[in-house]
Amino acid sequence: LMLLVLSFNPLFGRNPGTYYAAIRIPRKLQPQFGKHMKAIKEKLPQKYEYRYNKIEDLHVTLFYYGQLSKERRDEVRQSLRLVAQHYGTYTLQYRGLDVFNFRNGAPRVLWARCLGQASALKNLGYLIAGKAKELNFPPPKFPFRPHVTLLRAPFPKAGEAIASTLSLNTEEPLFGDHQVTEFVLLRSGSSFDTMGPTIIERFKLLSSPK
């Protein structure tokens, strides 16, 4: 049993983790996200154990690469540098809530909307996906819908409780505005890893969006 645990423990270098390009929620907005997530948690039935994302780990995923060898990781990093060199800063506003559903229609993921210059965010995601395609990565399974995942329901019944709670919510939560000046390549470990995602590289946006 001990050998089995060690073989999957990322601290022993046997789990390569998964990689994704993302925009991290800045620290200045974390208290506001925390405030609204606490309010949501207080309204949801306590009999269900929802999977809440840590405030410090909140992000907008731009592209998911999965596991990468060192060679592939270097290729990805170079492609992201090229994107950043030709894309500029823009402003996002995080406001309101939405869901992704289970097959039966019950919410399975609760997320915050990305508004403001959302078209610039989408274009950035498309550019990164285009570079990934040049590197022979498979296309995403679903259309790109920029969002910040707040929590996940473990099963449909818990999702129905989310839907019921949202129906009683009369105000759209405002999480704040964010001047996006960079994106990052993140590495996430296994479920054994409690340290959260690791930033592999930051990519500064240099010019105005075209």
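The values are calculated or read from the model by the stated rules, or taken from the named source; none is laboratory data. Since we're looking at a predicted model, the values are computed, not measured. Neighbour counts are summed over all protein chains in view; Cβ atoms, including those assigned to glycine, are modelled from backbone coordinates with ideal geometry. What goes into the accessible areas is simple: the full protein's heavy atoms, side chains included, and nothing from ligands, DNA or RNA. Shrake-Rupley method; radii C 1.70, N 1.55, O 1.52, S 1.80 Å.
The table below gives the values:
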read-out	value
Nitroxide proxy distance, nm - points 7 Å out along Cα→Cβ at S119 and Q93	1.6 nm
Virtual spin-label span in nm between L168 and K133, 7 Å along Cα→Cβ	4.6 nm
Filter on K28/K131; K35/K157; K41/K70; K70/K133 - keep pairs with C-alpha separation over 29 Å	K28/K131; K41/K70
Rounded to the nearest 10 Å², the accessible area of K204 at probe 1.4 Å	110 Å²
In Å², nearest 10: area of H59 left accessible to a 1.4 Å probe	40 Å²
Computed FRET value (nearest 0.05) for R72 with Y52, which takes r as the C-beta separation and R₀ as 35 Å	0.65
Most fluctuating residue given options Q46, Q179, Q67, as computed from a GNM of the chain linking Cα atoms under 10 Å	Q46
Among R145, R24, R72: highest mean-square fluctuation, GNM of the chain, C-alpha pairs under 10 Å	R72
Amide H contacts of L205 (H built 1.01 Å from N, under 5 Å, at least 5 apart or other chain)	E182, F183
The range 88-160: Cα Rg divided by the 2.2 N^0.38 Å rule of thumb	1.32
Helix-only [θ]222 nm of the chain, DSSP H runs n ≥ 4, -39500 (n - 2.57) each, per residue, nearest 500	-10000 deg cm²/dmol
Loop trypsin sites (Lys or Arg not before Pro), the range 84-178, which have at most 16 other Cβ atoms in a 10 Å radius of their Cβ (DSSP)	R103, K141
I25 accessible area, assembled protein chains, probe 1.4 Å, Å²	10 Å²
Cleavage-rule hits, GluC sites (Glu not before Pro), the range 21-110, DSSP coil, Cβ neighbours within 10 Å at most 15	E49
Distance between the range 27-84 and the range 146-192 - C-alpha centres, whole angstrom	9 Å
